[in-house]
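Notes follow the structure.
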Amino acid sequence: MNSIIPIYLIGISHKTAPVAIREQVALDSTEQERVIQTLISEYALDGCMIISTCNRTEIYFSGHLTEDVQKQIRQRLNQLKNTDLFVSDEHIFVYSGERAVAHFFQVISGLDSQIIGEPQITGQVKDGYQLAHELKSTGALINKLLEFGLQTGKRIRNETFLSNGAVSVSFAGVELARKIFSDLSGKRVLLIGAGETAELAALHFLDKGVSKVHIANRTLSKAEALAEKFRGSAHALEELPQLLQICDIVISATSSSDYLVTREMMKKIGYERRSQPIILIDLAIPRDIEPSVQKIENVYLYNLDALQEIVRLNLKKREKEIPTALEIVDEMVSEYESWCKVHSLGSFIEQLTHYFDTLRQNELARLNSRLPEEGLEEVEYLTQSILNKILHRHISFLKQSTLNSGDHTRGMEMIRKIYGMDGG
Amino acid sequence: MKALGILGCYLMPLLYLGITYFYYTVFLGTNKRLAKRSTWLLTGLIAIHLLHLGLFHFSINRMLFSSVYDFLSFLSFSIVLVYLIIELRLNNKASGFFILSFAFIVELISLIYLNPGVSPNPLLKNPGFVLHVSMTIIGYTALALSAIYALMYILQERSIKKHRFGVIFQQLPALKYLEKMSIQAVVIGIIFLGFGIIHGHVQANKVLGTFWLPDIKVIMLDALWLIYVLGYFLSKILRWYGRRMAWLSLLAFLILLVGGMVVSNISTSFHHFF
C-alpha cells in the first residue's frame, strides 16, 4: 500500500490504558535506542521516533509499510519489551497516514494531554526526536513531521486560549497576584511555614521575578534551610507583624490550629502600609488567616476553595478552545500532506532516473566488447540523450496529473507496474 | 455632496456600534484570532471618521466645532484616538469594549444635534477658537477615559475581593495597571484642559477685551479644573491609592458631566454658541 503520508503510529496513552498497563510498555532512553535500532535494521524503515512519558508511549515510523510488516513490527515490539500488549487492540492504538499525523500534532500541542494545553509535552517530544536524530533514524518525513508539529503548537498557542490561565492551585496564586500587581518584579513574598506546599508556591513566584522571599516558621532551623535555598531571610513567627508591613504577597501553609494572621494585626499594619495592596494566600487547613481580614481595604484574601475555583474555570475555558485548536490541526495536516506529495514526487523521480540509468549502464556493459572503442563515447551520448527524453515524458506526465487532480500517486503506481519497479 | 455628508453622519454611529460589538467579543475572550484584527479595525474607524468630518464640513462649507454635533462627534473621535494610543502602548485590549461603548453613545447622541442648515455664531469663525476647543475636548476626553478606567478598577476590585472569577476578572487588566492608566489620563486631562482654559481666556481678551468674564460656564469649568488639580496633588500628599482614588476620579467626572449639562441647559451664558 502506498499512502500519500507514509507515517505510522503504534501507541498507548492515558486515554486508552491505566498507569498499571502504561508502565509495562514504557521505554527508557536505553530501551528506546534498542527499539529504534532494531526496527530500522530489521524492517528497512525510513525513520523511527519514540515519545515515552508517564502518560504515553508512542512509536512513530515512516516508510511504505504493508499491513503484514506492521503486524510483524508489533510482534517484534512484544519480544523486545517482553509483553503481549503490543499485539492486543484493547489498549494499543494503531494509526496511519493523516490520522497518525493529526494525533502527533494533537500530542505536541498539548491537546491530548491530561491537563489540556500543558506545555511540558513539547519538550518531551523534542527529547524523543533528539534521541532518534542522534541515532540517524529520523528521515525526511519525521524531520518535517516535527517541524510541522512545532508550527501547529505555536499557532494553537497564538490563536487560541488553550494554554492560558493557571491550571494548578499553586500557580493560581500567581495569577491572582498578577491581577492585582500586574508586574511581580520587585515584590516581596512572605512564606508562613516551611513545608512543601509553601515552597512550591514560592517557586512559582520566584519564577515571575519577585525580589525577595521571607520565611517565617515556628522552627527557625527549617526556615533557615528554605531561606538558604531561595536566598531569602528566615524569621521567627513573632516577627510576623513587622514582616506583614513590608511584604506584598503572603503565602501561609502551616499546621497551626489557631489564626496566625488576625484582623486586628492587619488593621494595625494597614496605616503603616499606606494603602499599598497586600495579597494573602491561605493554603492551610485549618486556615491560618482570619477570614474577616478580607473586609479591610486593600487586603485581598484567598483560600484553597478560591484557588481551586480559578483552576476549574481556566480548565473549562481551555476545553472551549478545543474545536478551534482542532481546526488548526486539520489545516496543518493538509499542509503536511501537500509537502508529502511534493516530497514523494521528488523521491520517485530519483528512483525512476536511477532505474533507467541502471538499465542503460547494463546494456552498455553488455555491448561494450562488441563495439569499436572510438564509437563508445557517441553511443554513451546517444543513450543518455534518449534516456533524458523518455524521462522527460514521464516527469511531465506525473506533473500534469498533479496539476489536474492534485494527486500523482496513481500515475506513480502505473509507472511502477509498467516497469516492474519495487514500491518504496 | 451635502447629502453624502449627511448620510455619513448617520453611518458613523453604525460603524461605532459594529466596532464596539467586535471589542465585546474580544472582551469575552472567545476568539483570539479576531482579537488580533481589532487594532486594524479601530485604525480604519479613526481614518473613516476623520475623512467623514473633513468631507462633511467641506460639503456644508463650515468650520469644525461650529455646532453641538461637531463637538460631540469630535469628542467620540478623540476618545477612540486616545484609546488607540493606549492600546498600542500597553498592548491590552480588554478595556476597549468599555471605552468604545462610551464613544458609541456620544456619537449616537451627536445625531440629535445634527443640523447642517443652521448658521454658526460669528465667534466660531475665529480660527483660534478651533485650537481652544480642540484642547478642551482632548482634556475632556482624557478625563472621561480616566473615569472609565476608574470604573473598570472598581469592577475589577469588586471581582477580586468577592472571589468572582468570571469574565470581568479574566478580561479586565490588573488593578495596578488600571490605577496607573486612570492617573495618567487625569494628568493628560489637567494639562490639555488647562491649556484650553488659558487659551480661552486669551481669546476672550482678544475678542471681548477682558481675560475673565463672570460667566457661570467659565466659572464652573475653571473651578472644576482647580478641583482636579487640587485632588491630584492631595492624593499624592495623602497617599490615596486604589479604590478611594478610583471613586474620586469617577465622582469628579460625574460632577463635570452633570454640572456641564445643567449649566448648558438652565443658565444664560455668553459662552452659549449653539
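The values are calculated or read from the model by the stated rules, or taken from the named source; none is laboratory data. These numbers come from a predicted model, not from an experiment. All Cβ positions, even for glycine, are placed from backbone atoms using ideal geometry, and neighbour counts span all protein chains on display. Heavy atoms of the whole protein, side chains included, go into the accessibility calculation; ligands, DNA and RNA do not. Shrake-Rupley method; radii C 1.70, N 1.55, O 1.52, S 1.80 Å.
Here are a few things to note about the model shown:
- Largest-first ordering by accessible area, 1.4 Å probe, given options B:T141, B:T25, B:T210: B:T210, B:T25, B:T141
- Note on exposure: A:I418, A:I156 ranked by accessible area (1.4 Å probe, complete protein assembly) read A:I418, A:I156, with the most exposed listed first.
- Cα gyration tensor shape for chain B, rounded if a/c is under 1.5, else prolate or oblate: oblate
- In the context of the full set of protein chains, residues of chain A present 50 Å² of accessible surface per residue (probe radius 1.4 Å, heavy atoms only).
- Among B:V82, B:V263, B:V186, the residue with the largest mean-square fluctuation in a Gaussian network model of chain B, with springs joining Cα atoms closer than 10 Å, is B:V263.
- Per-atom-type breakdown for region A:310-354 gives carbon and sulfur 56% of the accessible area (1.4 Å probe, protein chains only).
- Amide H contacts of A:S275 (H built 1.01 Å from N, under 5 Å, at least 5 apart or other chain): none
- Compared with the dominant Cα axis of chain A, that is its longest principal axis, helix A:376-405 is turned about 50°.
- Positive-end residue of B:Y10, A:P277, A:A201, charge dipole of the protein assembly as shown with Cβ unit charges: B:Y10
- Neighbouring partner chain Cβ atoms per residue of A:179-192, average, 10 Å criterion: 3
- Using Cβ point charges alone (K and R +1, D and E -1), the dipole size of chain B about the Cα centre works out to roughly 960 debye.
- P(r) tail for region B:11-107: Cα pairs beyond 16 Å make up 53% of the total.
- Among the protein heavy atoms, those of B:F58 account for about 150 Å² of accessible surface (1.4 Å probe, every chain in place).
- Accessible surface of region B:1-120, 1.4 Å probe, proportion on carbon and sulfur as whole %: 73 percent
- Listed by chain and number, the lysines placed with their C-alpha closer than 20 angstrom to that of A:K295 are A:K179, A:K267, A:K268, B:K161, B:K162, B:K176; residues fewer than eight positions away on the same chain are left out.
- In this structure, the residue pairs whose Cα-Cα separation is over 21 Å, taken from A:K126/A:K154; A:K15/A:K144; B:K180/B:K236; B:K93/B:K236; A:K144/B:K36; B:K36/B:K93, are A:K15/A:K144; B:K93/B:K236; A:K144/B:K36.
- Of the residues A:Y259, B:Y21, the one with the largest accessible area comes first in the ranking B:Y21, A:Y259, computed with a 1.4 Å probe on protein heavy atoms.
- The contact residues of region A:266-310, meaning those that lose at least 40 Å² of 1.4 Å-probe accessible area when all protein chains sit together rather than their chain alone, are A:R274, A:S275, A:Q276, A:Q294, A:E297, A:Y300, A:Y302.
- What the phi angles of region A:115-122 give under the Karplus curve with 6.51, -1.76 and 1.60, with θ = phi - 60°, is a coupling list of 9, 4, x, 5, x, 4, 4, 4 Hz, glycine and proline written as x.
- Within a Gaussian network of chain A (alpha carbon springs, distance under 10 Å), most fluctuating of A:G117, A:G375, A:G47: A:G375
- Solvent-accessible area buried by pairing A with B, both sides, nearest 100 square angstrom, 1.4 angstrom probe: 2700 Å²
- Region B:121-274 shape via C-alpha gyration tensor axes, a/c threshold 1.5: prolate
- Point-charge dipole on Cβ atoms (K/R +1, D/E -1) for the protein assembly as shown, about Cα centre, debye to 20: 2900 debye
- Hydrodynamic radius (Kirkwood) for region A:263-380, which is based on Cα pairs only, to one decimal in Å: 22.6 Å
- Loop-located trypsin sites (Lys or Arg not before Pro) in region A:114-204 (DSSP state other than H, G, I, E, B) with a sparse environment of at most 13 neighbouring Cβ atoms within 10 Å: A:K136.
- Rg and Dmax [Cα atoms of the protein assembly as shown; Å; Rg one decimal, Dmax integer]: 36.1, 123
- Peptide B:155-163 shows a mean partner chain C-beta count of 4 within 10 Å per residue C-beta.
- Euclidean distance between Cα centres, region A:1-74 to region B:172-245, Å: 71 Å
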